[in-house]
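These notes concern the structure reproduced below.
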Amino acid sequence: MTPETLPIKVIADQTFSSALSPLLNKLEMWINFQALKAGWYGNETCILSFHFTLVRALTDDLQFISKEMKTKINKEDWIFDNNIAYCYQPKNLTTNAYIAVADLIKTKTNIESEIKNRLIQVINIIAKQHALTPLG
């Protein structure tokens with residue numbers, strides 16, 4: 001498995017500096033390794049993919065998601081929960097998620113750890129639907 005084909009991607013929207021790239025790479029490698037350790041990649045027909053985007057803040061109107069994904073968004077397909085918005089597409093086992101980090105930047109404490117918690121929160125919700133071992 002090469003970095004280009006990793007099933008869990010972590011990026012930041014264009015409002016963040018490219019200086020964030022090392023952290024994004026670290027988070028992406030860490031979360032994919034957690035999934036590998038948990039045995040998630042054993043069944044080739046059921047490999048979940050996640051596309052996480054870090055954003056400064058979420059809005060309930062979905063305009064930012066629609067603009068980012070360059071498509072019309074159906075609000076009923078999205079779950080909003082405390083600095084997280086995600087949509088799981090069971091047909092192709094794909095989850096798109098947005099993680100707001102403005103509150104973390106403001107407090108400047110445990111930013112990396114808190115981002116990991118938010119990634120895991122979304123991943124474990126979807127993993128439960130497929131009886132996969134939760135990540136922790």
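Every number in this text was worked out from the coordinates using simple rules, so none of it is lab data. Everything numeric in this text was worked out from a predicted model, so none of it was measured. Please note: Cβ atoms are built from the backbone with ideal geometry, for glycine as well, and neighbour counts cover all protein chains shown.
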Using θ = phi - 60° and Karplus 6.51 cos²θ - 1.76 cosθ + 1.60, couplings along region 16-26 (whole Hz; Gly, Pro as x): 8, 6, 5, 5, 7, 3, x, 5, 4, 4, 4
For I11 and R56, compute 0.36 nm times the residue count separating them, minus their Cα-Cα distance, and round to one decimal in nm. 15.0 nm
Out of E114, E28, E44, a Gaussian network model of the chain with alpha-carbon springs under 10 Å gives the largest mean-square fluctuation to E44
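Might you report the magnitude of the Cβ-based charge dipole of the chain about its Cα centre, with Lys and Arg at +1 and Asp and Glu at -1, to the nearest 20 debye? List each step's numbers first, then the result.
On the way: 14 positive and 13 negative charges, 23 e Å.
With Lys and Arg at +1 and Asp and Glu at -1, about 120 debye.
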Whole-Hz Karplus couplings 3J(HN,Hα) for region 32-49, θ = phi - 60° and coefficients 6.51, -1.76, 1.60, Gly and Pro as x, run 5, 5, 4, 5, 4, 4, 7, x, 5, 9, x, 9, 4, 7, 9, 9, 6, 10
Given springs between every Cα pair under 10 Å in a Gaussian network model of the chain, which of Q89, Q34, Q121 has the largest fluctuation? Q89
In whole angstrom, how long is each semi-axis of the equivalent ellipsoid of the chain, when you take the square root of 5 times every eigenvalue of its Cα gyration tensor and sort them from largest down? 22, 19, 14
Between I47 and E114, what is the label-to-label distance in nm when each label sits 7 Å out along the Cα-to-Cβ direction? 3.4
